[in-house]
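One structure is given below, encoded as structure tokens.
The values are calculated or read from the model by the stated rules, or taken from the named source; none is laboratory data. Because the structure is predicted, anything quoted here is derived from the model rather than measured. Every residue, glycine as well, gets a Cβ built from its backbone with ideal geometry; the counts of neighbours run over all protein chains shown.
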């Protein structure tokens, strides 16, 4: 066997349907398009969402809501995760760079510390935002919560 006698397995390939190539082909005449009408013409295309003249769904349903261009998207980190970091790596100061190295946030993301979990270690935390419960939990163990 070599490249000169390779061919596909029997029955795995089919001939292409050649439409509009005369009456002898079996697909001549109207060429599978039926008789007359808009859909039988060349260049026919239907608008997306067209419902045959009925009012389309995207026009029947009312518009609502808006996109706030001033929205700030924060990446939330719970104090339970800060406690794990402090135990594993033995650190007392936590900032976005430390969280980035730990793989919790990306380099440019804004960090918000959230209050889920228990905090035992005294930590100096620097972040872009803090929830009320997180700030209270950090300050309860004599740590500092500094907003960047």
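Tabulated values for the structure
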| quantity | calculated |
| --- | --- |
| Residue 13 vs. criteria assigned to a loop (DSSP other than H, G, I, E, B) and touching a residue at least 12 places away in the same chain (Cβ under 8 Å) | no |
| Evaluation of residue 6 against (1) over 25 Å from the mean Cα position of the chain (by Cα); (2) loosely packed, with under 10 Cβ neighbours inside 10 Å; (3) under 30 Å from residue 135 (Cβ atoms) (one fails), failing number | (3) |
| The stretch 87-97: number of residues that are out of contact with any helix residue (DSSP H, G or I) (no Cβ under 6 Å at 6 or more places or on another chain) and either part of a loop (DSSP other than H, G, I, E, B) or under 10 Å from residue 125 (Cβ atoms) (or both) | 5 |
| When residues of the stretch 45-77 are limited to those that are assigned to a strand (DSSP E or B) and without any contact (Cβ under 8 Å) to a residue 40 or more places away in the chain, the one farthest from residue 118 (Cα to Cα) | 54 |
| Condition met for residue 81 (within 30 Å of residue 140 (Cβ to Cβ) and within 27 Å of the chain's Cα centre (by Cα)) | yes |
| Test result for residue 141, over 30 Å from residue 19 (Cα atoms) and either under 27 Å from the mean Cα position of the chain (by Cα) or modelled with pLDDT of 95 or more (or both) | no |
| Subset tally (residues that are at pLDDT 95 or above and either surrounded by 14 or more Cβ atoms within 10 Å (Cβ to Cβ) or in contact with a helix residue (DSSP H, G or I) (Cβ under 6 Å, 6 or more places away or on another chain) (or both)) for the stretch 45-76 | 4 |
| Subset of the stretch 98-148 [farther than 15 Å from residue 76 by Cβ, in contact with a strand residue (DSSP E or B) (Cβ under 6 Å, 6 or more places away or on another chain) and surrounded by fewer than 17 Cβ atoms within 10 Å (Cβ to Cβ)] | 124, 144, 146, 148 |
